[in-house]
């Protein structure tokens, strides 16, 4: 059986790889240069080959070292995660989260998986609805946190990302070339009238209402099947679709920010932890998805 890799050997390996110097690595881990060199030799004996090439002014990774590097980084990251999870105070209780349904498929699974893994003793319930209904639910103390759209910057709350709404078409169909445009909108929605439809009127595009629904999932099906073009938050453009921009004759629908609202009557460690996960889930994801949607 191959000898297992010692995590302490990997720690010294990563220090040398990061600093490019045995001496500086020793300063990083609090060991002497000779002690670090001994750990690297032990690692190389286990692996059966050199992980560093010695140069006059330091060291560089060999092919074997480059192959080891991502494994060592994953092991150290897992050890840090385990230490943080097992030594941090255990959180329990309940969290009631409201979120607009547009992010149910793109963001909610990531948020829940990360939160449940870190805080398995917290009971989480999710309420998906339009922004104005979430605001009402928050006022009525039915939810603790609300993730909502703020289309014109006049609302209050914490902005956690910028995610304007755009028109989207299917790559498999040429729906956006039809005249009048077949359009999918939300049922009984002031936003559909004041923002989505008005953006088409401003651009001078003739259109007809081809599909109505009260949820994003149904509108997405109409989009993918070529029944209609639909409005989507820029970060949630589905695979197989693309944004319709100025080159196509379309305008951005709104200047939406995603806001995080909190219930002033409720405060707990569990709610605070969920707020942190929500912020982290939205901020990096939007830029990546927006870039991918624009390329589509």
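Every number here is computed from the coordinates shown, using simple stated rules; none is lab data. Keep in mind the model is a prediction, meaning the values are calculated, not measured. Note that we place each Cβ from the backbone using ideal geometry, even for glycine, and neighbour counts take in every protein chain shown.
At an R0 of 30 angstrom, the distance between the Cβ atoms of residue 42 and residue 86 translates into a FRET efficiency of 0.60. For the chain, how big is the tail of P(r) above 35 Å, as a whole percent of Cα pairs? Percent of Cα pairs beyond 35 Å in the chain: 43.
Length gained on full extension, residue 105 to residue 55, computed as 0.36 nm times the residue gap minus the Cα-Cα distance: 12.9 nm. Residues considered: 167, 207, 151. Largest GNM mean-square fluctuation over the chain, using C-alpha springs under 10 Å, is found at 207. The modelled label-to-label distance between residue 202 and residue 66, using points 7 Å beyond Cα along the C-beta direction, is 5.1 nm. The packing ranking, built from the mean of other Cβ atoms within 10 Å per residue, places the peptides 32-40, 118-126 in the order 32-40, 118-126, highest first. For residue 139 and residue 276, the difference between the fully extended length at 0.36 nm per residue and the C-alpha to C-alpha distance is 47.2 nm. For the chain, the longest principal axis of the alpha carbon atoms and the long axis of helix 269-295 meet at an angle near 80°.
Computing FRET efficiency as 1/(1 + (r/R0)^6) for residue 6 and residue 162, where r is the C-beta to C-beta distance and R0 is 45 Å, gives about 0.45. Convex hull volume of the C-alpha atoms in the range 1-159, normalised per residue: 210 Å³.
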